[in-house]
1. Hey, among A:274, A:184, which residue is touching a strand residue (DSSP E or B) at 6+ places or on another chain (Cβ under 6 Å), over 23 Å from residue B:66 (Cα atoms) and part of a helix (DSSP H, G or I)?
2. Kindly list the number of the only condition in (1) modelled with pLDDT under 95; (2) in contact with a His (Cβ under 7 Å, 6 or more places away or on another chain) that fails for residue B:241.
3. Residue by residue through segment B:100-140, note down the ones that are facing chain A (nearest Cβ under 10 Å) and within 18 Å of the chain's Cα centre (by Cα).
4. For residues that are open to solvent by less than 50 Å² (accessible area, probe 1.4 Å) and assigned to a loop (DSSP other than H, G, I, E, B), scanning just segment B:32-57, find the one that is modelled with the lowest pLDDT.
5. With respect to residue B:83, determine if the residue is away from chain A (no Cβ under 14 Å), in a helix (DSSP H, G or I) and touching a Phe, Trp or Tyr at 6+ places or on another chain (Cβ under 8 Å).
6. Give me the residue from segment A:248-273 that is within 14 Å of chain B (Cβ to nearest Cβ) and of a type in the set (A, V, I, L, M, F, W, C) and, out of that set, nearest to residue A:215 (Cα to Cα).
7. Tell me which residues, restricted to segment A:116-165, are out of contact with any Cys (no Cβ under 8 Å at 6 or more places or on another chain), closer than 24 Å to residue B:282 by Cβ, assigned to a loop (DSSP other than H, G, I, E, B) and among the hydroxyl-bearing types (Ser, Thr, Tyr).
8. Go through (1) surrounded by fewer than 19 Cβ atoms within 10 Å (Cβ to Cβ); (2) facing chain A (nearest Cβ under 10 Å); (3) at pLDDT 95 or above and name the single condition residue B:156 misses.
Amino acid sequence: MIDVNERLDPEPPAVPAVPAVPAPPAVPAVPAVPAPPDPGPDSLPDGRVSLSYAGVSRRQLLTLGAVAVPCLAGATVLFDWLSGLTDGGVAANAEPIVARYDPAVHRWGFVVDTNTCIGCGLCGVACKAENHVPKDPEYARTWVERHTTTSDGTVHVDSPDGGIDGYEPGAPPATLAGSSVTDVRFVARLCMQCENSPCTGVCPVGATYRTPDGIILVDEERCIGCGYCVVACPYGARYIVPAGGDMPRGVAGVADKCTFCYHRITTGRRPACVEACPVGARTFGDLNDPASPVSVALREKPTKTLKSDLGTKPRVFYVGLEGEVDA
Amino acid sequence: MTVTVAGREVALSPRLAYRALVAEVERTPRVLKVWYSFLLALMALGAVGAAFTLAPGTEVFGTTPSFEWGILISAYVFFAITTSGLCLGSSLGTVFGIDMFRPLEKRHAILAVLSLTTAFGIIALDLHYPVRMAFGAVFNPSFSSPMWWMGAFYAAYLVFLLIEVWSMFFGHDDVHRYACLASSCTAVLAPSTLGAVFGVLFARGFWYGLFTPIAMLVTALLAGSALLGMVFYFVVRFELAGFERGRTLAIPAIRILLAVALVGSLVLLGRGLLVGLTSEDLALHGGTMALLSGPLAIPFWIRLVGGLAIPLVLIALPATRTVSGTGIAAGLAFVGVIVDRLLFVSAGQIIPTTAVGGVVSDPYVAYTPSLVEISIVLAAFAFVAFVYTLAERYLDLREAEVHMGFHLPRVVATAPERLRTRWAARRVAPAPTPADAVEETVCGEP
């Protein structure tokens with residue numbers, strides 16, 4: 001319980017900003033710059049300080065609030081903008097990715113750097129919050145796997161709770177305790193937005209479709225919930241939305257998957273997971289733009305796609321998995 | 001008010017219907033009453049289970065995103081292919097007019113309609129939006145989807161079957177012939193397309209491939225023949241309508257069908273195992289190993305021995321080529337196909353495509369059917385058994401005399417003969433040419 005009369009700060013409240021605010025004409029008697037009150041004589045017997053005793057009228061307090069709220073909001077916007085500048089260490093991402101959206105001119109791509117990923121799971125948290133993905137780890141638009149390589153070259157893959165709680169950095173799973181581990185890396189997974197997508201062709205009612213910019217979406221008004229696309233996806237990137245709790249787009253019983261946060265990228269923002277990643281392991285951009293972060297990453301780093309032998313032509317590229325056999 | 005159906009008067013007024021029902025129940029033998037009660041109890045259980053599935057997205061199944069298709073899909077596949085198998089076998093009598101297969105036709109048609117409607121009912125419960133599916137398939141068809149084609153073929157199949165049954169019981173011979181031909185053609189198309197639903201999924205190595213539709217077709221023949229074998233065993237055993245022809249013709253005919261289907265299934269199973277064991281595809285190899293020595297091994301080996309090998313031996317040995325031997329072989333094969341469909345759907349998904357949700361890459365994906373799923377599947381079998389028992393009791397299922405095979409339209413049927421006659425006439429009396437006239441003149445000289 002907060003007592004408005006409680007003195008939170010032993011020092012008198014800072015008031016230099018107040019003079020800038022013109023006093024309302026209705027209260028000319030109130031001095032625009034009240035002198036710092038002397039806490040001693042104005043103190044209540046129990047040590048608290050009354051507002052009136054502090055020399056601040058209720059009107060002045062409201063005026064202060066009217067100024068402070070817009071200032072705080074402005075500061076938040078400024079902070080977001082500054083965060084964007086430094087997010088992932090890629091300054092180019094600070095610019096809105098599009099000005100006016102024309103899907104025909106974009107070809108979105110995604111690069112996951114497994115050398116950089118620390119397995120914190122913040123991407124999964126951000127995704128669930130942004131897209132109202134069910135809390136149950138079984139249902140995920142994005143998740144993080146731990147690939148542990150032992151000395152015999154075997155890669156053990158696990159993903160307890162989809163990695164949403166974060167992994168202990170560099171630690172192998174408990175099942176491999178005592179084994180000779182040569183490498184532990186974290187691999188973020190999401191829909192591959194395949195150019196030859198197996199999910200779109202099999203849908204009996206055309207509810208799953210590809211946009212001109214290459215994003216595969218699900219029409220929740222048309223989906224019948226047969227699960228054919230879920231079974232057809234080689235990457236396990238789809239699920240049927242369970243009823244109750246969080247539901248993307250508020251509809252249960254339909255297929256759902258990562259859309260690269262289509263609602264964000266078409267309004268000039270980046271996917272939530274990209275913005276949430278504290279180490280810049282996820283890079284998003286336009287493959288048609290040679291200067292985009294994704295194009296730069298693809299030029300500068302060796303990458304591979306998952307299950308490339310299937311011919312699905314994913315648009316999610318991985319850095320650091322060159323030596324790993326597809327699983 | 002009453003109407004006469006199949007020679008029996010059926011009351012239309014609720015009061016009369018109630019009285020008729022009470023009277024009929026009193027006349028029903030005690031054994032049948034117990035049988036009906038058992039089936040009705042199962043159906044009631046399934047109805048309760050089905051009620052839980054009505055709200056879209058309700059998590060009442062044991063399936064997960066890693067194992068999306070459970071025993072309802074297995075049951076759907078089973079009933080759908082059984083429908084096709086029933087028609088494949090009996091088409092030898094209904095379309096090709098082979099006498100020994102003709103006793104199958106009425107019973108096969110009833111069973112096929114029941115089996116297909118049950119399959120549709122199951123898939124409707126498995127889908128989250130079945131009504132949307134019905135409209136979506138018509139107004140937003142996706143012609144690239146095997147599932148759409150499967151639905152289209154099975155929907156057409158149901159129409160053909162209903163026409164076949166109607167024309168058979170009401171004596172419309174010409175309509176019946178065409179309905180039989182259409183349903184027999186669809187009986188090949190539909191299960192093949194159902195096989196393609198699985199066969200096009202390259203993400204699922206165990207299902208993927210050209211042989212999946214072929215295997216589905218052979219399994220369909222096995223399922224349909226086995227069901228007919230069980231039914232005709234009871235027909236002969238309890239001396240039901242047409243049991244004489246059933247004993248002398250239908251049972252040997254079913255033995256032939258079963259033998260062909262069992263050998264075909266064994267050959268295709270052997271091919272699948274051989275390919276799976278030597279494959280480098282993780283899903284195909286892993287699925288095969290799951291069958292041979294993994295979590296699916298026990299039902300797989302039981303099915304292989306009990307559902308394929310023993311029935312084949314029972315049919316092959318002269319000593320067991322009897323009505324009882326055929327009935328037992330058919331029963332074992334029937335149960336074997338049920339197990340086989342469960343294994344088929346499971347083995348295709350048991351190798352995880354991802355490690356999401358705590359699944360580790362090397363073990364198998366776990367799936368345990370829920371009580372709701374089990375109750376629906378049991379109710380589906382109970383429904384078929386219940387309605388078929390009623391049909392056996394109240395309909396005249398003796399061999400129909402509506403046709404003797406399929407006859408082509410007169411214009412088409414007589415076309416070769418007319419052409420032959422015309423050509424022969426031209427050869428015998430060719431039109432005179434100027435050369436002929438000259439030759440005739442020369443030859444005519446003294």
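1. Working: A:184 fails: part of a helix (DSSP H, G or I).
Result of the check over A:274, A:184: A:274.
2. Evaluating residue B:241 over (1) modelled with pLDDT under 95; (2) in contact with a His (Cβ under 7 Å, 6 or more places away or on another chain) leaves (2) as the failure.
3. Going residue by residue through segment B:100-140, those that are facing chain A (nearest Cβ under 10 Å) are B:123, B:126-140.
Selection gives B:123 alone.
4. Among them, the one singled out is B:57.
5. Numbers: away from chain A (no Cβ under 14 Å): yes; in a helix (DSSP H, G or I): yes; touching a Phe, Trp or Tyr at 6+ places or on another chain (Cβ under 8 Å): yes.
Yes, satisfied.
6. Our first condition is that a residue be within 14 Å of chain B (Cβ to nearest Cβ); within segment A:248-273, this holds for A:248-258.
If we keep only those that are of a type in the set (A, V, I, L, M, F, W, C) too, we end up with A:251-252, A:254-255, A:258.
Working: A:251: 20, A:252: 22, A:254: 18, A:255: 15, A:258: 9 Å.
Across segment A:248-273, the extreme among qualifying residues is A:258.
7. Result: A:151, A:154, A:159.
8. The failed condition is (2).
The values are calculated or read from the model by the stated rules, or taken from the named source; none is laboratory data. Bear in mind the structure is a predicted one, so any value in this text is a computation, not a measurement. Every residue, glycine among them, receives a Cβ derived from its backbone with ideal geometry; neighbour counts consider all protein chains shown. Surface areas here come from the heavy atoms of the whole protein model, side chains and all, with no ligands, DNA or RNA. Shrake-Rupley method; radii C 1.70, N 1.55, O 1.52, S 1.80 Å.
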